[in-house]
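Just so it is clear, none of the values below were taken in a lab; they were calculated from the coordinates. Being a predicted model, the structure only gives us computed values, none of them experimental. Cβ placement follows ideal geometry from the backbone for every residue including glycine, while neighbour counts extend to all protein chains displayed.
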Amino acid sequence: MSRKQLWITYGILCFLTIWGWGFIDSLKFKGTIDWSEVISPFHFTQFIYIFTTFGLTRYFLKKYYPQKKYASLLLSLVLLMAVFISLRYVLEEVLFPLFFGYRNYPKNVNPVYYALDNIYYALVYIVLGTIVFFLDHQLSSQKNEAQLKQERINAELAFLRSQVSPHFLFNSLNNIYSLSYKKSDNAPDAILKLSELTRYMLYEKQDQVLLEKEWGYIRNFISLQQLRYESPLNLQLSLKAEIDTIYIAPYLLIPFVENAFKHGDVHDKENPMIIGLECSEEEVIFKVKNKIVFQQKDKDGGIGLGNVRRRLELLYPGSHQLIINEQKENFDICLKIKLSHAAKNRSSR
């Protein structure tokens, strides 16, 4: 609970234990509220020792319960009952006769009877205070656990995201090196394209980006790949969506495209590489299909897909579907992400 919620809870308990039953009894037996019975000096002293008991109960529980000092806690609560009895006695049996000329108990009340009678009341308020403490402790523990879990998720996402850029840069620099080695006239254009892509990776640090930006990132990546070859790529790029109002996590789609270029054949005339993006009211659908060229496989090719699988699990738990169909010669992926209200309408804010 927050501090405000805690104060409100204690306030409600004080009101119910001090005045609540008085209001109910007056209405039940008399049909009207007898203010002289509901509000009296004894009600205000009752507020003092009840609130004091709540506060000390919380103090002792916070001090000893987390450290599992149960003997000290029990001794403190017994001491608290003595404090309760003493405080009430001083207020109602010493100060009231002195200032108002009357007391709560008979003048010659038996001390043992007085103590036993008030142990009952002390236990009631200590138990109520203990219930509030454990309720607050449970809620705080759940909140802290949720925060720690979120921090772990954020740390893992940051790590996974940090892997995307180096992986892409490693592949792109290899491509540019190949162009430079061949003294290709396309090398300067490749460096310029890489600069544009790197700018996106370095400065786009938001948790969510417009799908339009992610799609532009993919198009630039494809342009960079095209510079490696003399002939045009046999690639079908299709967009069937309005992508300027939809947000997704950045760098989420590019690993699939990287994987297709790394292990696929982009010059097979009969089997073009297919990259498609479409959106409905409810979801984003991204598809990649390519023919597999086995000799292009290498030992470090698993970073992209493994990374994106984990990111999807963390970012879209229960709201995504990744279908991978690997056949003898073809490799297909279909990613479906359900759109939340925030993802569809964030840009309107």
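Data for the structure
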{"read-out": "Restricting the stretch 184-260 to GluC sites (Glu not before Pro) in coil, as DSSP defines it, with at most 14 other Cβ within 10 Å", "value": "Glu204, Glu230, Glu242"}
{"read-out": "Neighbour cut-off at most 14 other Cβ (10 Å), DSSP loop, GluC sites (Glu not before Pro), the stretch 259-289", "value": "Glu270, Glu281, Glu282"}
{"read-out": "Relative contact order (percent, whole number), the stretch 3-145, Cα cutoff 8 Å, 6+ residue spacing", "value": "26"}
{"read-out": "Built amide H within the under 5 Å cut-off of Ile292, gap 5+", "value": "Asn330, Phe331"}
{"read-out": "Cleavage-rule hits, chymotrypsin sites (Phe, Trp or Tyr not before Pro), the stretch 33-131, DSSP coil, Cβ neighbours within 10 Å at most 12", "value": "Phe100, Tyr102"}
{"read-out": "Gyration tensor verdict on the stretch 3-145 (Cα atoms; rounded if a/c is under 1.5, prolate if a/b is larger than b/c, oblate otherwise)", "value": "oblate"}
{"read-out": "Entries in Lys183/Lys213; Lys240/Lys262; Lys193/Lys240; Lys193/Lys291; Lys182/Lys213 that, when Cα-Cα distance is taken, lie over 29 Å", "value": "Lys183/Lys213; Lys182/Lys213"}
